[in-house]
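> Quick one: structure below, then a few questions.
The values are calculated or read from the model by the stated rules, or taken from the named source; none is laboratory data. No experiment lies behind these values; they were computed from the predicted model shown. Backbone-built Cβ (ideal geometry, glycine too); neighbour counts: all protein chains shown.
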Amino acid sequence: MKVLPFKIPKPENVTLYVQHYKGENFYEKLHQHKEIQISVVLKGEGTYIIGDCVGDFKPNDIFVLGENLPHVFKRDTAFEYEAEMVSVFFSKGSYGEGFFNLPEFEHFQYFFNNSVLGYKVISSKKDISLLLSKIHNLTKYEQFKSFLEVLNLISEADKRKLSSLINLKKYAGDEGKRMSDIFQYSMENFHKEVTLHDVANIANMTPNAFCRYFKQRTNKTFVNFLIDIRIGNACKLLAKNNDLSVTEISYKSGFNNLANFNRKFKAIKGITPTEYRKKH
């Protein structure tokens, strides 16, 4: 099993690596890499973890992930049969150390400075998605032109910061495997009862030691992390499945108490589950 860190499989002489993925699932292990990543989701819905942020993704979502920012995209098999994503990988020094410091690219500095914690693009999505969705079919020169236009559009677009992890670190060896196993177990079992004892066993730790370990590395408690995953799943079900009642959705998302579900949902989303369903 591959674990953190993850090496992008690109040839040595490639400055901009373009990946077009189409299949059943994305790479579903928590991982990080030295390259900056820009991705557009073309098909598939599911849950992402980026740094300490848990959320849901859907077609036409655009993400910017900074160097060594841990992340994973897990497709929800209940909604679509296929996943498709186009990503570009690069570093600020890909075209020479001073290239992006040229006066012509001064407005790109916001892009690079804020990529560290990752963000989701909110505006200009149609134009950016169109450029990214076609970039893998272009010549190297045309890819370069499209890439600069993508950077330009993203630099000027509205964005939402994702992670709040200030002290990013490279995970390797046993620690990388441990964090990957914890995240994968959580994403596969959130709809069941998950105890601290269960997940501490996955990490090969005592519950108290695990709680400290997880909080130090993710900036949140494991309980709150699990609640974020559960609320994210509930949001998808509320928006997609009108046949299920709010009570049924709460149980399918791992809550065993409707009042607790309603309270946690409103605390995170700012509205009740019923209000969320009406808006989506």
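> Go through region 200-237 and report how many residues are free of Cβ contacts under 8 Å to residues at least 60 places away in the same chain and of a type in the set (D, E, K, R).
Total meeting the criteria: 4.
> Right, another one. Among the helices (runs of 4 or more DSSP H) confined wholly to region 101-208, which include 3 or more residues that are more than 19 Å from the chain's Cα centre (by Cα)?
Numbers: elements: 109-115, 125-134, 140-156, 173-189, 196-202.
Answer list for region 101-208: 125-134, 140-156, 173-189, 196-202.
> Identify, by number, the condition in (1) part of a loop (DSSP other than H, G, I, E, B); (2) under 13 Å from the mean Cα position of the chain (by Cα) that K92 doesn't meet.
(2)
> Go through the residues of region 166-185 one by one and say whether even a single one is in contact with a Ser or Thr (Cβ under 8 Å, 6 or more places away or on another chain), closer than 20 Å to V72 by Cβ and of a type in the set (A, V, I, L, M).
Narrowing region 166-185 to residues in contact with a Ser or Thr (Cβ under 8 Å, 6 or more places away or on another chain): none.
No.
> Quick one: which residue in F111, F147, F100 is modelled with pLDDT of 95 or more, among the aromatic types (F, W, Y) and within 20 Å of E35 (Cα to Cα)? Full working, then the answer.
Numbers: F111 fails: modelled with pLDDT of 95 or more; F100 fails: modelled with pLDDT of 95 or more.
After ruling out the rest, the residue left standing is F147.
> How many residues does region 47-88 contain that are free of Cβ contacts under 8 Å to residues at least 40 places away in the same chain, of a type outside the set (A, V, I, L, M, F, W, C) and either surrounded by 20 or more Cβ atoms within 10 Å (Cβ to Cβ) or not assigned by TED's automatic domain parsing to the domain that holds G118 (or both)?
Looking only at that region, the number is 1.
> While we're here: Given K134, K43, K34, K92, which one is surrounded by fewer than 21 Cβ atoms within 10 Å (Cβ to Cβ), within 19 Å of V18 (Cα to Cα), in the same structural domain as L151 (by TED's automatic domain parsing) and touching a helix residue (DSSP H, G or I) at 6+ places or on another chain (Cβ under 7 Å)? Outline the logic, then answer.
Values: K134 fails: touching a helix residue (DSSP H, G or I) at 6+ places or on another chain (Cβ under 7 Å); K43 fails: touching a helix residue (DSSP H, G or I) at 6+ places or on another chain (Cβ under 7 Å); K34 fails: touching a helix residue (DSSP H, G or I) at 6+ places or on another chain (Cβ under 7 Å).
It is K92.
> Mind checking which residues of region 183-199 are over 18 Å from K236 (Cβ atoms) and touching a residue at least 40 places away in the same chain (Cβ under 8 Å)? Steps first, please.
Keep residues of region 183-199 that are over 18 Å from K236 (Cβ atoms), which gives 183-185, 193-199.
Answer for region 183-199, where residues must be over 18 Å from K236 (Cβ atoms) and touching a residue at least 40 places away in the same chain (Cβ under 8 Å): F183, Q184, E193, V194.
> Give me a count of the residues in region 13-40 that are in a strand (DSSP E or B) and either free of Cβ contacts under 8 Å to residues at least 12 places away in the same chain or over 17 Å from Y119 (Cβ atoms) (or both).
Qualifying residue count, region 13-40: 8.
> Is there a residue in region 20-36 that is of a type outside the set (S, T, Y), within 20 Å of L162 (Cα to Cα) and at pLDDT 90 or above?
We begin by selecting, within region 20-36, every residue of a type outside the set (S, T, Y); these are 20, 22-26, 28-36.
Right, trim to within 20 Å of L162 (Cα to Cα) and you get 26, 28-36.
From the residues that got through so far, the ones that are at pLDDT 90 or above too are 35-36.
Within region 20-36, one or more residues are of a type outside the set (S, T, Y), within 20 Å of L162 (Cα to Cα) and at pLDDT 90 or above.
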